[in-house]
Amino acid sequence: MSRPFSGWILSTAKQSAVLVKGGRCHYSQRLTQRTHVRWGRTRSDKALASGCLCDPRHQANISRSRSSRHTAEDVHFQLLPEQINYILRANEQSHKVPDTDGKNPNTVLRFESNILASNTPCEDRRSAATCLQTKGHMFGIFDGHAGSACAQSVSERLFYYVAISLMSQETLQEIELATEHMKPVLPILQWHKHKNDYMYREIASLYVDHLRVYWQELIDLDNESGMSVADAMSYAFQRLDSDISLEAQVSAEEEMLRNLTLQIAFSGATACVLHVDGVNLHVANAGDCRAVLGVQDADGAWSAVPLTADHNAFNKSEVQRVRSEHPASEEETVVTDQRLLGILMPFRAFGDVRFKWSEELQQSVLRNACNLEPLNIYQYYPANYRTPPYLTAKPEITYHKLRPQDKFLVMASDGLWDMLENQEVVRLVAQYLSDIRLQEPRVSVEKRSLGYMHNLLLQRRTRRSNVQDTNVATHLLRHAIGSNEDGEVEQERLAAMLSLPEDLSRMYRDDITLTVVLFNTNAVEAHYRENAQE
C-alpha cells in the first residue's frame, strides 16, 4: 500500500523546498540564479492589488512568518471538509443567460466559473459579458506571469476593444457625439462579474481615453457595418497590446499611474476569448490557455474537440513561426530549453515588453522611472537579444459552427490542463451534468400523480447524492487537485494541496481559472429546423 499523499508531499518538499517545477512557471528560474532578478511581487506591489479576487482568506494551520521561507516542517494538513469546501467555492460563479424572444433563443444556456489561486496574489483573471450594441456573448481567461498587473488590465479592457470593432459606423458616431457633448453614452457591455472581481479604478480614465481614440480611428475608416468577428478579435488583441506598450512609454505625471502602466507593460498575460453569436463560435487565443468543446455523439459517447492550440515549444508549427521571423543565425537561440530565448514559456502574450522593445527603448523608459525596485522591474536583456520583437499578441482565430451534439465548452488557464487531459475534463463535466440533470425532465399532466412525483423526487435525490458541488467548475477544480491515480477524489490529498503556502504550492500546481459554457441544445436544433424550412 502506498504511503499517504500528504506524506509524499512532505518527503519531496524536504528534498526541494526552494525548487519550482519548470512546467508550472512561465519564467525560467535559471534567469533568477544568473542575474538575481526577482520575479516575485513585493508588499507594495500587493497593495496595488488589494481586494484581488483570488484570496481564499482561509485559516489553515500553517506558519505564515514572512521573515523566512516556508519549509516542509511548517505545513500541517488539518483542513476540515467544511474548510476545503469554503476554499474551493470562494470564487465560484454561476450565471443563467435570460431567455430572449422565441424567434432568436439564446444558444448559451448558462456559464459556471471558478478560480483557485496558487500565487499570492493570484495571477489569473476571467471575464464574461454580453454585447449590448452588437449580438453576442464573450468569455475570457487571462493567465498572467511576472505579476498579475497585465492580466488584470487585459481582463478589463479587451472586451471593449472587441465590441467597438464590431460596431457599425453609425453606432460609433452616436457614442462619439454623446462623449463630445458630455451626455450619457450608449452602454457597450453588460458585465457578469463575481463579487470579488477587482477593477483598476485608478487608471480607468486613461483606459477610456485610449478606447475613444480607437473608436475615432474606426469612424475614419468609413466601414459602415463594422468588422467581421474574426477581424475584430484579431485587431482588438493587437491594438490593446499596442496601447499597453504606448502607455508605459509616455511618462504620466502621477507617480501611481506611472508605476501601474510600467507594471502592466513589463508583466505579461496570455489570453483566450470566446465570442458566441447564435450558432457561430469564434475563439481567439494568444498563449497557452485552452478551449475544449464537449461533444456527445449519437451513441451517447463523449469526445473532446480542442478549439485552440497551445503557443509554446511543444507546438512545432509555432516554433517554426518564431524561427522564421528572425535571421537564420538565430535559429538555435530563439527557442532554447523549450522557452522563448530560454526564458519565456508562452510564445504569444500581452505585455512582456522585455521581449518586444529594443534595448535602447527599455533603457530610456526605465531610466525615467522614479523607483523601480518596489515594482520588481529590473534592467536586463536575455542572452542573444538581437532582433526584437520576439513576442506577439496576435491571436490565432478558430471558427466553429455549433451543432446539436455540441453540449458545452471548457476554457481554462494552463493550470487546469497541467492536471487533467482534455478528454478527462470533458468526461468529468459530462458525468456531472448527467448526475445533476441540469435540464430537469418535463412531467406531463397525465403523470403528475402523488406517487409518481414522490418516486421522481427519490430518483433525483439519489442522482445528486454523489455530487458535492452545485457548480461544475468547482467540481473540476476538486478533481484537478484532489484525484488519485484511480480518478477518485481523496480528502487527504485535497487538504494537502490546499494547505500548502505559496512557497511550496507552486511546486505542485499553478493558479487555475476556468469557465464552463453550457449550450442550449433546443435553441441550436431550432436554428437548424428554421434554416431547413427556408
Residues satisfying the stated conditions in the range 218-237, i.e. part of a helix (DSSP H, G or I) and open to solvent by less than 80 Å² (accessible area, probe 1.4 Å): Leu218, Ile219, Val229, Ala230, Ala232, Met233, Ser234, Ala236, Phe237
Return the only residue of His527, His475, His479 being touching a strand residue (DSSP E or B) at 6+ places or on another chain (Cβ under 7 Å), open to solvent by 10 Å² or more (accessible area, probe 1.4 Å), at pLDDT 85 or above and on the phi < 0 side of the Ramachandran plot. His479
Scan the range 137-153 for residues that are out of contact with any helix residue (DSSP H, G or I) (no Cβ under 7 Å at 6 or more places or on another chain) and either among the charged types (D, E, K, R) or open to solvent by less than 10 Å² (accessible area, probe 1.4 Å) (or both) and jot them down. Phe139, Ile141, His145, Ser148, Ala151, Gln152
Extreme residue, surrounded by the most Cβ atoms within 10 Å (Cβ to Cβ), among residues of the range 488-520 that are under 30 Å from His137 (Cβ atoms) and not aliphatic (A, V, I, L, M): Thr513
Taking the criterion of being in contact with an Asp or Glu (Cβ under 9 Å, 6 or more places away or on another chain) and either within 28 Å of Leu514 (Cβ to Cβ) or of a type in the set (A, V, I, L, M) (or both), would at least one residue in the range 366-386 satisfy it? yes
If you take the residues of the range 179-207 that are modelled with pLDDT under 95 and among the aliphatic types (A, V, I, L, M), which of them is most open to solvent (accessible area, probe 1.4 Å)? Met182
Of these, Leu172, Leu158, Leu132, which one is open to solvent by 10 Å² or more (accessible area, probe 1.4 Å) and more than 19 Å from Asn91 (Cα to Cα)? Leu132
Selection count, the range 78-124, where residues are of a type in the set (D, E, K, R) and within 30 Å of Gly147 (Cβ to Cβ): 5
Which residue out of Gln338, Gln362 is farther than 24 Å from Cys122 by Cα, open to solvent by 20 Å² or more (accessible area, probe 1.4 Å) and not acidic (Asp, Glu)? Gln338
Under 6 Å between Cβ atoms, which residue pairs at least 6 apart in sequence (or on different chains) link something in the range 102-124 that is under 29 Å from Phe350 (Cα atoms) with a partner that is small (Gly, Ala, Ser) and in a loop (DSSP other than H, G, I, E, B)? Pro121/Ala49; Pro121/Ser148; Glu123/Ser148; Asp124/Ser413
When both residues are 6+ apart or on different chains and their Cβ atoms are under 8 Å apart, which pairs have a first residue that lies in the range 183-202 and is touching a residue at least 60 places away in the same chain (Cβ under 8 Å), and a second that is surrounded by fewer than 15 Cβ atoms within 10 Å (Cβ to Cβ) and in a loop (DSSP other than H, G, I, E, B)? Leu189/Leu132; Gln190/Leu132; Asn196/Gly51; Tyr198/Gly51
Checking the structure you have, find out if any residue of the range 172-191 is touching a helix residue (DSSP H, G or I) at 6+ places or on another chain (Cβ under 6 Å), under 24 Å from Lys135 (Cβ atoms) and among the aromatic types (Phe, Trp, Tyr). no
Leading residue by the ranking (farthest from Ile397 (Cα to Cα)) among those in the range 306-329 that are hydrophobic (A, V, I, L, M, F, W, C) and free of Cβ contacts under 8 Å to residues at least 40 places away in the same chain: Ala328
Any chance you could count how many residues in the range 285-339 are among the acidic types (Asp, Glu) and in a helix (DSSP H, G or I)? 2
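The values are calculated or read from the model by the stated rules, or taken from the named source; none is laboratory data. Quick caveat, the model's predicted, so the values are computed rather than measured. Backbone-built Cβ (ideal geometry, glycine too); neighbour counts: all protein chains shown. Surface accessibility is based on the protein's heavy atoms, side chains included, excluding ligands, DNA and RNA. Shrake-Rupley method; radii C 1.70, N 1.55, O 1.52, S 1.80 Å.
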